[in-house]
Each structure stands twice: as structure tokens, then as C-alpha cells.
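Worksheet for the structure shown next.
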Amino acid sequence: MRSKRKRDIEKEYPARQFVQKLRRLADCIEGGKTFRIQIAGEQIVVPPDAVINIEHERGKDSEEVEFQLTWKR
């Protein structure tokens with residue numbers, strides 16, 4: 001298997017697009033299916049057994065909620 005380069009990308013979406021992606025993700029999770037998404041030109045495949053967690057961070061001037069999916073390659 002070809003080695004993949006490390007990446008750390010954040011991409012902002014308009015609310016409508018974000019909701020569409022969340023709905024597709026929710027449908028895949030609920031149906032036990034693979035989720036596919038393209039991010040910055042790269043096709044990402046999230047397996048149905050990915051670990052799902054929600055993270056909350058609070059700083060001095062801001063807060064952040066991250067929905068995370070992690071899996072082994």
C-alpha cells in the first residue's frame with residue numbers, strides 16, 4: 001500500500017453545504033456504511049467501524065466543538 005503524506009487541513013463551508021455533508025455522514029453511520037468525502041482534492045474513505053467522538057475546547061476568547069472520526073489504515 002502506498003504511503004500517504006501527513007495532512008492537517010481545515011475547510012470552511014456555508015451552513016447549507018455543511019448540513020448536507022452531516023446528513024450524508026449520519027445516514028452512513030446509521031446504515032453501517034462507508035462514508036466518502038472529498039477534502040481539498042483528496043478522496044477520503046471513512047470505514048463504518050470508525051470511532052466517533054465529540055471534543056469541546058475552551059480558550060480565553062473562543063470555544064470549539066469538533067466531531068471526530070478516527071480509524072486505522
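Tabulated data
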quantity	calculated
On Cα atoms only, tilt of 15-31 relative to the major axis of the chain in degrees	50 degrees
Proximal aspartates and glutamates relative to residue 21, as straight alpha-carbon distance under 20 Å, when same-chain residues fewer than 8 apart are discounted	8, 10, 12, 30, 42, 49, 55, 64, 66
Protection proxy ranking of 56-63, 30-37 - average other beta-carbon atoms within 10 Å, highest first	30-37, 56-63
Within the chain: Cβ-based charge dipole about Cα centre, in debye rounded to nearest 20 (Lys, Arg +1; Asp, Glu -1)	580 debye
Qualifying lysines (Cα of each under 26 Å from Cα of residue 60; at least 8 residues distant if same chain)	11
Expected 222 nm ellipticity per residue - DSSP helices of 4 or more, -39500 (n - 2.57), all of the chain, to 500	-8000 deg cm²/dmol
Normalised contact order of the range 15-70, rounded percent, pairs of Cα under 8 Å and 6 or more residues apart	21 percent
Global form of the range 15-70, assessed from the alpha-carbon gyration tensor, a/c cut-off 1.5	prolate
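Read-outs throughout are calculated quantities, based only on the coordinates presented, and are distinct from any laboratory measurement. Quantities reported herein were computed from a predicted structural model and do not represent experimental measurements. So basically every Cβ, Gly included, is an ideal-geometry build from the backbone, and we count neighbours across all protein chains shown.
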